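Asker: One structure is given below, represented as structure tokens, and several questions about it will come after.
The values are calculated or read from the model by the stated rules, or taken from the named source; none is laboratory data. All of these numbers come straight from a predicted model, not from anything done at the bench. Because the Cβ atoms are built from the backbone with ideal geometry, glycine has one as well, and the counts that use them run over all protein chains shown. Surface accessibility is based on the protein's heavy atoms, side chains included, excluding ligands, DNA and RNA. Shrake-Rupley method; radii C 1.70, N 1.55, O 1.52, S 1.80 Å.
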Amino acid sequence: MILIDPPTWPAHGTVFSHLVSDRSRAELHEFALRSQLPARAFDRDHYDVAEQWYDQLLGAGAVPVSARELVTRLRASGLRRTKQTVARERAGRIEELRHAWQELDLGAPGLRDRMLADWGARSRRYHDQQRLAEALAAISLLTPHPSRELRLAVWFHDAVYAGEPGADEEASAQLAEQSLGGLLPSGSVAEVARLVRLTASHAPAGEDTDGMVLNDADLSILAAEPERYAGYTAGVRAEYHHVPPAQFVRGRTAVLEDLLGRDRLFATARGRELWEEAARQNLQAELSGLRR
């Protein structure tokens, strides 16, 4: 159920309500998108809603409750996420990524810290440190001994992100060439850059083993558990916050239809075994929500 408390929380010259779901964040994000709420209004487990939105959201089906009841039901649902919880998760993730970098046997702590800072930028809502850690974990599921070039390609593949498909991948590949020159043999640097550029098309050749693995690791988020998938879709919307809601829905619908129209999403047999079915279920559910 979508719940909203009274607009009594002062900020920015007005008062705010909190909008939550006591069932799933997927339900909450879908409701927010249909209601054309600003994507960046989401904060951990709720949307901050300015007073002028209150009546509109009630008309869309949100149920009015007291602030006390809203918090009580959010906690009971298991969806409550405090600042302390988020901070602990972030600290653990950074430690995990530091360890992953150490395993590259590359040194260059300054480059590592720059990469962590880029992936941790506040402007990133999906292409963030969590997604980097997930992609690194995904390649380990796909191949028992991933090459250093492949692992570095994961680190660099969205190191530059401005929401400009094609240009982002090219800028990230150039960053890899500039950053890794002198740290690795030239052939290795070229391979990292090649793999990064490949993520622009998600069309690896059949004999390109590392390219197929990188493709599948990059798309593995499509098969995430429903709550994580909801966070992913909300993050994508937030990164395109400058796009009007109706235009975003049209564009996102086209992306989903294209993905669902493919004979297969994942290039490797292992990727298909692990993720194909769940990914298609998530994509279809998201598409159905957009069409409501």
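Asker: Can you go through R131, R73, R68, R90 and tell me which one is under 23 Å from H29 (Cα atoms), in contact (Cβ under 8 Å) with a residue 60 or more places away in the chain and open to solvent by 60 Å² or more (accessible area, probe 1.4 Å)?
Answerer: The match here is R73.
Asker: Let me confirm something: among E164, E95, which residue is assigned to a loop (DSSP other than H, G, I, E, B) and surrounded by fewer than 21 Cβ atoms within 10 Å (Cβ to Cβ)?
Answerer: Answer to the selection: E164.
Asker: If V196 satisfies every condition in (1) under 22 Å from V255 (Cα atoms); (2) modelled with pLDDT under 95; (3) not polar (S, T, N, Q) but one, which is the exception?
Answerer: (2)
Asker: Are there any helices (runs of 4 or more DSSP H) wholly within the range 200-292 with 2 or more residues that are modelled with pLDDT under 90, and if so which?
Answerer: So the answer is 226-239, 245-260, 277-290.
Asker: Is there a residue being open to solvent by less than 50 Å² (accessible area, probe 1.4 Å), without any contact (Cβ under 8 Å) to a residue 12 or more places away in the chain, among the aliphatic types (A, V, I, L, M) and farther than 24 Å from D105 by Cα anywhere in the range 192-201?
Answerer: No, that holds for no residue.
Asker: Let me ask something additional. In this structure, is A32 assigned to a helix (DSSP H, G or I) and open to solvent by less than 40 Å² (accessible area, probe 1.4 Å)?
Answerer: Considered against the rule, which asks whether it is assigned to a helix (DSSP H, G or I) and open to solvent by less than 40 Å² (accessible area, probe 1.4 Å), A32 comes out as yes.
Asker: So how many residues does the range 176-186 have that are touching a helix residue (DSSP H, G or I) at 6+ places or on another chain (Cβ under 9 Å), open to solvent by 10 Å² or more (accessible area, probe 1.4 Å) and in a helix (DSSP H, G or I)?
Answerer: 2
Asker: Are there any pairs with C-beta distances below 9 angstrom linking a residue in the range 219-232 that is of a type in the set (K, R) to a residue that is open to solvent by less than 20 Å² (accessible area, probe 1.4 Å), with the two at least 6 apart or on different chains, and if so which?
Answerer: Listed by first residue and then by second, the contacts come to R228/I221.
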